[in-house]
1. Just the number, please: percent antiparallel of the DSSP beta bridges in the chain, rounded to the nearest 5.
2. Near the amide H of His63, under 5 Å away, which other amide H atoms are found, from residues 5 or more places off or on another chain, if H is placed in the peptide plane?
3. Which lysines, on any chain, are close to Lys54 with Cα under 18 Å apart, when same-chain ones fewer than 8 places away are left out?
4. For the chain, what does the accessible surface come to per residue with a 1.4 Å probe? Please give it in Å².
5. Mind putting a number on the dipole of the chain about its Cα centre? Charges go on the C-beta only, +1 for Lys and Arg and -1 for Asp and Glu, and I need it in Debye to the nearest 20.
6. Using θ = phi - 60° and the Karplus curve 6.51 cos²θ - 1.76 cosθ + 1.60, what whole-Hz ³J(HN,Hα) does each residue of segment 71-79 get, with Gly and Pro shown as x?
7. Mind checking which of Ile95, Ile52, Ile83 has the largest fluctuation in a GNM of the chain, springs on alpha carbons under 10 Å?
8. Could you tell me what percent of the accessible area of segment 1-130 is made up of carbon and sulfur, with a 1.4 Å probe and every protein chain present?
Amino acid sequence: IENMISAGKHNSVWADIDRLCALVDAIGRDDVGVCIDTGHANLSGFKAEEAIRKAGHRLRATHINDNHANGVDEHLAPYMGNIDWAAVVKALRDIDYAHDFSFETHHLTSCFPAAIQPELIRFSYQLGCYLLSGEAEKP
């Protein structure tokens, strides 16, 4: 169950990570967990790394994307907005996260001609490898 947005015209009660965790706990099934959308957390005024730590063992999926916390769900690639990616990666390591690391970055490619989109997809792969390598956590 994904954290939603509570900002601007969006006002979802499911932006609250504590409430989301309580829902998952109440459902009480191993096949139901939390999906942290880093962009939604940022738009809602939460630090993505704090949301990840609160979700803890409940975290089963990610929607990894960046934005400028300006009220627009920009779906940018990491480092293109203002999320602290070193802190996000450290939080994932701290909770021993071992599930999917899924980019939700369609605005990385959608504004470019189709002919060069494959290179941007390859770049996304390299960016994911960098983030997961531990290099992102180094000062």
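The values are calculated or read from the model by the stated rules, or taken from the named source; none is laboratory data. Just so it is clear, the model here is predicted, and its values are computed rather than measured. Counting neighbours? That spans all protein chains shown, and the Cβs are built from the backbone with ideal geometry, glycine included. Calculation scope for accessible area: heavy atoms of the full protein, side chains included, ligands and nucleic acids excluded. Shrake-Rupley method; radii C 1.70, N 1.55, O 1.52, S 1.80 Å.
1. Given both bridge residues lie in the chain, the antiparallel proportion sits at roughly 35 percent.
2. Residues meeting the criterion, in which the H sits 1.01 Å from N, are Ile36, Asp37, Thr38.
3. Lys90
4. Working: 7600 Å² over 139 residues.
Accessible surface, normalised per residue, equals 55 Å².
5. Numbers: 12 positive and 20 negative charges, 14 e Å.
With Lys and Arg at +1 and Asp and Glu at -1, about 60 debye.
6. x, 10, 7, 6, 6, 8, 5, x, 6
7. Ile95
8. Values: 3810 of 6970 Å².
The nonpolar share, carbon plus sulfur, comes to 55 percent.
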